[in-house]
Amino acid sequence: MADITVDTKGLACPMPIVKAKKALDSLEAGQTMEVLSTDKGSLNDFTAWVKQTKNEMISHEEENGVYKFLVKKG
C-alpha cells in the first residue's frame, strides 16, 4: 500500500510529473507514492523521470486506460 496516492487522470504532460514531484517532495526516503494517470505518454515520462532522480520505480501497470505507477522515494 502506498503512503500517498496522486490522481493525475485527465491531465496531459507535463502535469502528471509536476504533481508527482510535488507529492514526492513531501515524503520521507523509503516511503512510496502511487500515481494514477491516463496520459498515454506517462509510461515513458515516469520511466525517464525515475532514472534522472534517485527514486525507484517499484511497479507499473495499465488497466482500462489508467496507468498506475508505484514509486519509492530514494
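The values are calculated or read from the model by the stated rules, or taken from the named source; none is laboratory data. This is a predicted model, so every value here is computed, not measured. Neighbour counts run over all protein chains shown; Cβ positions are idealised from the backbone, glycine included. Note: accessible area is taken over every heavy atom of the protein model, side chains too, but ligands, DNA and RNA are not part of it. Shrake-Rupley method; radii C 1.70, N 1.55, O 1.52, S 1.80 Å.
Residue check: Met1 meets all listed conditions (1) open to solvent by 40 Å² or more (accessible area, probe 1.4 Å); (2) of a type in the set (A, V, I, L, M); (3) modelled with pLDDT of 95 or more but one, namely (3).
Scanning region 45-74 for residues that are crowded, with 17+ Cβ neighbours inside 10 Å and of a type in the set (S, T, N, Q) yields a total of 1. When the test is whether a residue is touching a helix residue (DSSP H, G or I) at 6+ places or on another chain (Cβ under 9 Å), surrounded by fewer than 17 Cβ atoms within 10 Å (Cβ to Cβ) and of a type in the set (Ser, Thr, Tyr), Thr8 does not pass it. Just checking, how many residues over region 21-42 are among the hydrophobic types (A, V, I, L, M, F, W, C) and surrounded by fewer than 15 Cβ atoms within 10 Å (Cβ to Cβ)? So the count comes out to 1.
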